[in-house]
Amino acid sequence: MYPMIREIAPNESMMTSPVGPPPPQLPPEITDRIMDCLRGDAQTLCSCALTCHAWLPRSQYNIYRMVELRSRAALTLLAIHSRRPHTYLYMHEALHELHLYDTPRQNPTSPEPQRSRTTTDASQPRSFVHLVPLVLSPHHLSSVKILEISSINWVTSPVNPSFPFQGRMFPQLVSLTLSECTFGSFGELRRMLCGFPVLSRLELAHIRWANSSMRAADRPPVLRHLTALHLDACPRMEMNTLMEWFLTSQYLDVFRDLRLTDFGLSAPLIHCASECLGPSLESLSCDLWDFIGSDFKVDDLQPLFTNCTNLSALRIGCNEDGILHTLPGHLERLGSQRLRTLELDILTETDTELSAIEQLSSWRRVDDVLAHRRFAGLNTVTIIWIVHQWNPALRTMLRGRLPDLFPRLHGRGVLKFSVKTSWAEDIWPEVELSTV
């Protein structure tokens, strides 16, 4: 009447194969940190984004953290990605650095820049930098804090540089780098710089302009938050004009970092800069490779060191002549008693071991000067020997002889050194510092 109920034995394979533990998994904090370390490696980050759903947000964040554009095609591709729903929010939150490398129609270092903005040449790549703020959404550009613009000739650009790059487009921009750019006039550069309301770091390298009729002191800069200024390898006239303009600012008391590469300032401007910026500077870097001019004397550098009473970091680049032999005297009269880091970059024409020792012996007095109690807080002294041809024997010899040349610094354990090749090469190798 009732159906027979039979007990079904369990599967034998299920009884003999126990369920194993789940595979080990790294905490999300660790995987996020790993992907942060991969920042800049776009190919690996794309692979991480395709690994699993949990890795997608952090990998996308690092992919768009730093964006580098070198062509119109790259700009078009970025614009397409920025309009997709799954990348729109990532770009808005992540876009922190934007690097734009244009292809100029004319070499910006040529002696006579073209003055016509209507000049066209179909055989050369078309400029695209001025299109970036017009193509990308202001919603994305509002998060950019670091902007670099390189190799653009604004003289032949169809728009004025102050139009696309305005403060309202980059309200949070704190660092701006302009490299190998040519402007129609100094006024164009001035209007562009004053358009960023919270700019705190400015680096100008190989900047020039065609029309130099406007005086720098006519329009003082309105840069309330600027704390770091780097002038790198600008022509002598442009460097003096830029420094004269910055020194007319009413907010010089916020300056903390000044770097001058390929020194070209006139003696009066050096005195003016030392008086205006000296009390507030905490970091000073001067490359004095080509500082000898018709109206320049080595003693004119002294106010630059004497009036900097709050320096904590000092870097000096010098060659065998001039400043190298007067360096001990300048350090002896240094106004700051808070120096913590000192770096000496020595450019030499000599690659032999014997000549190097003779040159180092000629300013052994540096060790005696830095032994004074005013430099008791000095914790790092770095000597970088720059040669034109790599010589492994020179590095080995210096490592063995520097303790004898600088016994006091060596005894305190603060002396470091390195040897590297001259910047005549396009790319320098990373400096490997060795503790003596």
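Sort out which residues of segment 386-410 are charged (D, E, K, R) and more than 21 Å from LEU370 (Cβ to Cβ), and write them in order of number.
ARG395, the sole residue that qualifies.
Could you tell me whether segment 141-150 includes any residue that is buried (at least 19 other Cβ atoms within 10 Å of the Cβ), farther than 24 Å from TYR251 by Cα, modelled with pLDDT of 90 or more and not aliphatic (A, V, I, L, M)?
yes
Does any residue of segment 380-395 turn out to be touching a helix residue (DSSP H, G or I) at 6+ places or on another chain (Cβ under 6 Å), modelled with pLDDT under 75 and either assigned to a helix (DSSP H, G or I) or under 27 Å from LEU284 (Cα atoms) (or both)?
There is at least one residue in segment 380-395 that is touching a helix residue (DSSP H, G or I) at 6+ places or on another chain (Cβ under 6 Å), modelled with pLDDT under 75 and either assigned to a helix (DSSP H, G or I) or under 27 Å from LEU284 (Cα atoms) (or both).
Name the residues in segment 207-230 that are more than 16 Å from SER185 (Cβ to Cβ) and at pLDDT 90 or above, would you?
HIS225, LEU226, THR227, ALA228, LEU229, HIS230, listed by residue number.
Within segment 236-275, count every residue that is surrounded by fewer than 21 Cβ atoms within 10 Å (Cβ to Cβ) and touching a Lys or Arg at 6+ places or on another chain (Cβ under 6 Å).
So the answer is 2.
Of all the residues that make up segment 219-249, how many are touching a Leu at 6+ places or on another chain (Cβ under 8 Å) and of a type outside the set (A, V, I, L, M, F, W, C)?
Adding up the residues that qualify gives 7.
Among the residues of segment 72-90, write down those that are closer than 17 Å to LEU56 by Cβ and open to solvent by 100 Å² or more (accessible area, probe 1.4 Å).
Residues satisfying the conditions are PRO85, HIS86, LEU89.
The values are calculated or read from the model by the stated rules, or taken from the named source; none is laboratory data. On a predicted model such as this, the values are computed, not experimentally measured, just so you know. In this analysis, Cβ positions are derived from the backbone assuming ideal geometry, glycine residues included, and neighbour counts consider all displayed protein chains. Surface areas here come from the heavy atoms of the whole protein model, side chains and all, with no ligands, DNA or RNA. Shrake-Rupley method; radii C 1.70, N 1.55, O 1.52, S 1.80 Å.
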